[in-house]
Amino acid sequence: MPYLVDGNNLIGRERRARASDDDRSALVREISDRLRQTRARVLVFFDGAGETVSLGSLSVRFSGPVTADDAIVRELARSRAPREETVVTADRGLAQRARDGGARVLTPDAFWSRFGGQGEPTQPGPSNEPRVDVEEWTRFFEDEKNRDR
């Protein structure tokens, strides 16, 4: 299930300011660190011009002349299975457009909780919240006796 992340929205919620290059880098590092032990795929969108980067299961795209919201909606429209995509945003307008396009929507807080607890996405550093042990969960669900039949 790919996650399409509204990067500027996540930064804006934390900083309440326009995103700087340092803020964007910190957000990408935070997401990358949290995804390292998962199989999740994430595509982070930022407004404006910049270099597209792929870091394994994490990719970063810049929207160019359109807004990041429009780029996310365009990505959903190209998807063969939009119902399997999840848009991460606190922006109500984008959330509605994503739902209208068939995607699921996840709040930033729910996204951070899903990947290792609530954190400070724009300020790297250790979180005081307990981290999810993905390897332990994987071992649990790989064991046939723990699967729902």
_Need pairs with beta-carbon distance below 6 Å; first residue at positive phi and within segment 92-109, second surrounded by 14 or more Cβ atoms within 10 Å (Cβ to Cβ); sequence gap 6+ or separate chains._
102/82
*asked:* Contact list please: Cβ distance under 6 Å, first residue in segment 31-46 and over 13 Å from residue 75 (Cβ atoms) and crowded, with 17+ Cβ neighbours inside 10 Å, second residue charged (D, E, K, R) and at pLDDT 85 or above, pairs at least six apart or on different chains.
replied: 46/24
_Being assigned to a loop (DSSP other than H, G, I, E, B) and surrounded by 20 or more Cβ atoms within 10 Å (Cβ to Cβ) is the requirement here; does residue 90 meet it?_
no
_Pick from segment 92-123, criterion in contact with an Asp or Glu (Cβ under 6 Å, 6 or more places away or on another chain) and at pLDDT below 75, ranking: nearest to residue 21 (Cα to Cα)_ = 122
*Restricting attention to segment 47-79, and to residues there that are aliphatic (A, V, I, L, M) and in a loop (DSSP other than H, G, I, E, B), which single residue is surrounded by the fewest Cβ atoms within 10 Å (Cβ to Cβ)?*
49
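The values are calculated or read from the model by the stated rules, or taken from the named source; none is laboratory data. All of these numbers come straight from a predicted model, not from anything done at the bench. Here Cβ is always computed from backbone atoms with ideal geometry, including for glycine, and neighbour counts include all displayed protein chains.
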